[in-house]
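Beneath this line is the structure, given in structure tokens, with notes to follow.
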Amino acid sequence: MANTSIFFDAAMNDEERRQRLFQGDIFVFSPTDASLQLTVLAVEMLKKAFAPHDPRDVHRHLSPEETAAILGKLKPQFIHHPECKRIIPRIMADQGVDREKVYFDVPRMRSAYPTDFLTSGIAYAFHPHRDTWYSAPPCQLNWWTPIWPLHPDNAMGFYPRYFSEPVQNNSEIYNYYEWNAKNRASAAQHVRSDTREQPKAQEPVEPVTFRLLPQPGSIILFSGAQFHETVPNCSGVARYSIDFRTVHLEDVMARAGARNIDSRCTGTTMRDYLRASDLAHLPEEVNRLYDDGTEVQQPILNFGARLVTA
Ligand SMILES: [Fe+2]
């Protein structure tokens, strides 16, 4: 088993950092003005959406259906908020990332409610998975930030053992374009259970995780190949977080990234990413490096403005 190192506010250039991330290391950054602006925007939107209730204890006041209906409107608003596209490039620039070479996708707002409340559909509690089981390229990096203080029982969990060890899984059922076409828009309808079939481990995994609990506005940066989960929320307090994903042009062109040890999904999220400097998509000839033939069968190749996320 390879070891995982966790760097805090490391003075390291982006090139070296990406190499370490692809080997399974994780980076934590303290809040910056830009990352705090993003969390403030999220807090304001959440408070307004759930007023007069505190967004962290809506499960005491609202039904799962009412909560899902509010999130069904709020989450797409956040995803497509023009401020987000201005702030995120600044968050990356604060960490020494070249805006001309990094591409990011729209940020998602996630919610994790106490386990007996709402854990499906629009508030899906992610079972242990790799993003690379969901058509992310091997060079994808995930940037994750908590909106309110974290608790060990409402955080994200990493399974360090499985970064380098394969997990039996059914990722072959997942095609990104098919998911966009059939399932994504219906997220808000899956309130008490989630019937959408998703890639999952097909063997018991050793339940040993570590949970990083940095302060709100901090960033946890990790490879999309990390095996991670939403920790079942037993804290009594709802958790909200923001995440977005990036790829670096040089990694994309070199087909670099974390080693693929067990993913067999099809399609690619490559057409979702926007260049930090001007929001341009990756050149189509570059996207084609990641095509596997399934792109000709489906009409929706990227995460469009009309789609809701889960
Ligand atoms: Fe994930």
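So the values come out like this:
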read-out	value
Virtual spin-label span in nm between Lys200 and Lys101, 7 Å along Cα→Cβ	4.1 nm
Alpha-carbon gyration tensor eigenvalues x 5, square-rooted, for the stretch 259-301, Å	21, 15, 9
Kirkwood Rh in Å, taken over the stretch 39-118 so that all alpha-carbon pairs contribute	14.2 Å
Interchain or long-range residues, amide H under 5 Å from Arg275's placed H	Phe104, Ala280, His281
Calculated from backbone phi, Karplus (6.51, -1.76, 1.60) coupling profile of the stretch 99-105 in Hz, x at Gly/Pro	5, 7, 10, 9, 10, 10, 9
Per-residue HN-Hα couplings for the stretch 90-98 [Karplus 6.51, -1.76, 1.60; θ = phi - 60°; Hz; x = Gly/Pro]	6, 4, 6, 4, 4, 9, x, 8, 6
Heavy-atom accessible surface of the chain: percent carbon and sulfur, 1.4 Å	50 percent
All lysines inside 20 Å of Lys182 as judged from Cα atoms, apart from same-chain residues fewer than 8 positions distant	Lys73, Lys75, Lys200
Separation of the Ala181 and Arg161 label points, Cα + 7 Å toward Cβ, nm	3.9 nm
Under the Debye formula (equal points on every Cα, no solvent term), log10 I(q)/I(0) of the stretch 2-158 at q = 0.09, 0.10, 0.21 Å⁻¹	-0.34, -0.42, -1.60
Residues with amide H under 5 Å from that of Leu62, placed H, sequence gap 5 or more	none
Added length on full extension, which subtracts the Cα-Cα distance from 0.36 nm per residue, Ile6 to Asp278	94.8 nm
Ratio Rg/Rh [Cα only; Rh per Kirkwood] for the chain	0.93
Rg over Rh, two decimals, the stretch 142-281 (C-alpha only, Kirkwood Rh)	0.96
Heavy-atom accessible area per residue - the chain, 1.4 Å, Å²	42 Å²
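The values are calculated or read from the model by the stated rules, or taken from the named source; none is laboratory data. These figures come from a predicted structure and were not determined experimentally. Neighbour counts run over all protein chains shown; Cβ positions are idealised from the backbone, glycine included. To get the accessible areas, we keep the full protein, side chains included, count just its heavy atoms, and leave off ligands, DNA and RNA. Shrake-Rupley method; radii C 1.70, N 1.55, O 1.52, S 1.80 Å.
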